[in-house]
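S.K.: Dropping the structure in here first, questions after.
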Amino acid sequence: MAYCQIYENPDATPEAFERVNAHVRASGPFPPEGQLLIIAGPAEPGWRVITVWDSENACERFDGERLEPALRETGVRVDRMTRKFYEVHTLVAGDLTGTPQKV
């Protein structure tokens, strides 16, 4: 079953997200093993990141091995960051690449 994680950080900025993202990309394969989708954007206030994984185990492994070290190394404040989890009942997506499709 797919697994969704939502991070909201009222102290984060687009620049902080880019620093963390660069660190994560430098630390291993991207997208990380098991990650199906990532969506990031502004929240009021701060920044929100939504990820969908093929399993809870893949998500937890990524958090412990790559995300948490990236947050520490880049100095992103996490004391007010919240994290929510959901089992995904339904996941439907069209072409997420934006590539024109042949008709």
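The values are calculated or read from the model by the stated rules, or taken from the named source; none is laboratory data. Given the structure is predicted, the values throughout are model-derived calculations rather than measurements. Every residue, glycine as well, gets a Cβ built from its backbone with ideal geometry; the counts of neighbours run over all protein chains shown.
S.K.: Out of PHE85, PHE62, report the one residue that is more than 20 Å from THR97 (Cβ to Cβ), surrounded by 14 or more Cβ atoms within 10 Å (Cβ to Cβ) and touching a Phe, Trp or Tyr at 6+ places or on another chain (Cβ under 8 Å).
M.R.: PHE62
S.K.: Sticking with this structure for a sec: Residues in region 23-37: is at least one among the small types (Gly, Ala, Ser), over 12 Å from the mean Cα position of the chain (by Cα) and within 16 Å of THR82 (Cα to Cα)?
M.R.: No, region 23-37 contains no residue that is among the small types (Gly, Ala, Ser), over 12 Å from the mean Cα position of the chain (by Cα) and within 16 Å of THR82 (Cα to Cα).
S.K.: Now for a separate question. Using the structure shown, decide if GLY46 is surrounded by 15 or more Cβ atoms within 10 Å (Cβ to Cβ), closer than 20 Å to ASP95 by Cα, free of Cβ contacts under 8 Å to residues at least 40 places away in the same chain and not polar (S, T, N, Q).
M.R.: no
S.K.: Given the conditions (1) surrounded by 15 or more Cβ atoms within 10 Å (Cβ to Cβ); (2) modelled with pLDDT of 95 or more, report the number of the one that ALA12 does not fulfil.
M.R.: The single condition ALA12 does not satisfy is (2).
S.K.: So which residues in region 60-75 are under 17 Å from GLN35 (Cβ atoms), of a type outside the set (Phe, Trp, Tyr) and either touching a Pro at 6+ places or on another chain (Cβ under 8 Å) or outside any helix (DSSP H, G or I) (or both), if there are any at all?
M.R.: Selection gives ARG66 alone.
S.K.: Considering ALA93, ALA22, which residue is in contact (Cβ under 8 Å) with a residue 40 or more places away in the chain and of a type in the set (A, V, I, L, M, F, W, C)?
M.R.: ALA93
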